[in-house]
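All remarks here apply to the structure that follows.
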Amino acid sequence: MSEEHRKLHRRKSFKTVRFLQTPGGDGIECRMSDMHSQGARLTFKGSVPEVGKDVYIMILPEQILKAAVPKWKTSSEIGIKFKEPIQYLVKHDHVNHV
């Protein structure tokens with residue numbers, strides 16, 4: 001993960017998403033806690049599912065499918081980096097200055 005990516009401002013989000021192991025899989029509903037155009041933090045009600053090299057999220061209710069790579073994991077959250085930025089959010093990205 002690039003240092004610039006880590007400095008991007010994350011917006012709070014209360015979006016419901018479906019976490020998928022494969023694009024057509026059943027998935028698990030979770031909440032996107034914060035996000036920017038290049039990644040997001042997903043919060044699960046129960047245990048975090050096992051993750052592979054690639055994962056997918058379906059952003060609801062818009063039905064937007066995004067491919068991602070898991071970057072970190074705790075007992076209730078997963079951090080993901082989108083393989084391609086969410087274009088409508090790019091214009092809102094700005095770097096946090098410490």
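Which peptide among 15-23, 62-70 comes first, and what is the full order, when sorted by highest mean count of other Cβ atoms within 10 Å? It would help to have the intermediate numbers written out before the result.
On the way: 15-23: 16.4, 62-70: 14.2.
My ranking of the peptides, most packed first, is 15-23, 62-70.
With a simple spin-label model that places each label point 7 Å from the Cα along the Cα-to-Cβ direction, the separation between Val69 and Glu84 comes to 1.7 nm. Inter-label distance, Ser47 to Lys12: 3.1 nm, where each label sits 7 Å from its Cα along the C-beta direction.
When the square roots of the Cα gyration tensor eigenvalues are ordered a ≥ b ≥ c, the ratio a/c for the stretch 21-87 is under 1.5, which makes its shape rounded.
Bear in mind that the values in this text are calculations on the coordinates, not laboratory data. Remember, predicted model here, so these are calculated numbers, not experimental data. As a convention, Cβ positions derive from the backbone with ideal geometry for all residues, glycine included, and neighbour counts pool all protein chains shown.
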